[in-house]
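Here the structure comes first, spelled out in structure tokens, and everything after it is commentary.
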Amino acid sequence: MTGFLELSGLSKRFRGLRAVDDVSCRMDEGELFGIIGPNGAGKTTLFNLITGTLRPTSGEVIFRGDRITGLKPDAVARRGIVRTFQATTIFRDASVLDNVRRAYLLRAMYQPGQLGGYREKLRSAETEAGEVLELLELHRMSGQNARELPYGSQKLLGVAMALATRPRVLLMDEPAAGLNPNETRALGGLFQRLRSRGINIVLVEHDMRLVMSVCDRILVLNYGRPIALGRPDEIRADPQVIEAYLGGADEIA
Ligand SMILES: Nc1ncnc2c1ncn2[C@@H]1O[C@H](COP(=O)(O)OP(=O)(O)OP(=O)(O)O)[C@@H](O)[C@H]1O
Ligand SMILES: [Mg+2]
């Protein structure tokens, strides 16, 4: 396996606060990489640094050998690094199909020439959106307004919209938050399907059972600092990790 997405000495300070503090790690192509840590550990900030939403105070983000540090979010997205959000970000008054179609068209507009004329873009938007909805098992709801969906399906719709941009890497920020156990199990299955399509997933998640069961390797942050990196069994047994979670709201499974 080759180094795919690499973080090197990545740091972000907000005034005096070291939200992300000297994080280095290499994610391999094809692996499902987890990032965990107590509330405020810097996980979302790390995503913001990778996607260009925030500029790092120091350090580098390297994607497939290219330095992408400091690129604007749309430039990072064009390279194939796309994120989902902790809260849902959907067009509530549009249909499920329309939501995904819009996300697809947005990408198509950014890449003129690749897909031919407008009419053709509309047609492929329709087809691609249908395929993505099927992948997420949302196709039966495609005519409904997004606001009518149960919360779990709304979150999945957010994932569908991210997928419509055809990412190479999907950064997922707490996809299981607010989902019921059935939806969470379905999410686990979805990860496997995405992976078999060659989409790399970086997963930030508090649901330890999910993280431990799906991730190949896990990075643990505490107060912005990496305190452990390894396979789930190594992480579970790591004294520093256990210590970081003691007394916190989170439990390590
Ligand atoms: N824009 C900002 N300005 C100032 N401080 C910030 C900003 N964004 C985040 N922080 C602080 O940085 C630290 C890391 O926050 P971050 O949101 O990355 O944590 P997190 O690990 O995602 O937490 P959670 O599990 O609660 O989502 C926190 O102390 C937070 O208050
Ligand atoms: Mg967060």
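Each value in this text was obtained by applying a stated rule to the coordinates, not by laboratory testing. If you're wondering where the values come from, they're calculated on a predicted model, not measured in any experiment. Positions of Cβ are backbone-derived with ideal geometry, glycine not excepted, and every protein chain shown enters the neighbour counts.
Summary table below
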read-out	value
Those lysines that a straight Cα-Cα span of less than 21 Å connects to Lys155, excepting residues fewer than 8 apart in one chain	Lys43
Tail weight of P(r) past 27 Å, computed on alpha-carbon pairs of the chain, percent	37 percent
Helical contribution to [θ] at 222 nm, DSSP H n ≥ 4, -39,500 (n - 2.57), averaged over the chain, rounded to 500	-11500 deg cm²/dmol
5 angstrom amide H check on Arg217, placed H, neighbours 5+ away	Leu32, Gly34
Cα convex hull volume per residue for the range 90-166 (Å³)	75 Å³
Compactness relative to 2.2 N^0.38 Å, alpha carbon Rg of the range 131-253	1.16
Lysines whose Cα lies under 18 Å from that of Lys72, excluding same-chain neighbours fewer than 8 positions away	Lys12
Residue-wise HN-Hα coupling along the range 174-184, computed from phi with Karplus coefficients 6.51, -1.76, 1.60 (Hz; x: Gly, Pro)	6, x, 8, 4, x, 8, 7, x, 5, 5, 5
The chain: relative contact order as a whole-number percent, Cα under 8 Å and 6+ apart	26 percent
Net +/- balance of residues flanking Arg67 in space, Cβ distance below 14 Å, scoring K and R +1, D and E -1	0
Placed amide H near Leu171: partners under 5 Å, 5+ positions off or other chain	Val82, Arg83, Thr84, Val202
Estimated vicinal HN-Hα couplings, Hz - the range 93-102 in sequence order (Karplus 6.51, -1.76, 1.60; Gly, Pro = x)	8, 9, 6, 4, 4, 4, 4, 6, 4, 4
Two-decimal Rg to Rh for the range 68-205 - Kirkwood Rh, Cα set	0.95
Built amide H within the under 5 Å cut-off of Val20, gap 5+	Lys12
Derived scalar couplings ³J(HN,Hα) [the range 143-154; Karplus, 6.51 cos²θ - 1.76 cosθ + 1.60; whole Hz; x for Gly, Pro]	x, 6, 6, 4, 5, 7, 6, x, 3, x, 5, 4
Per-residue Cβ neighbour rank within 10 angstrom, fewest leading, Leu122, Leu46, Leu170	Leu122, Leu170, Leu46
Within the chain, percent of DSSP bridges classed antiparallel, to nearest 5	55 percent
Cα centroid of the range 179-200 to Cα centroid of the range 1-58, whole Å	23 Å
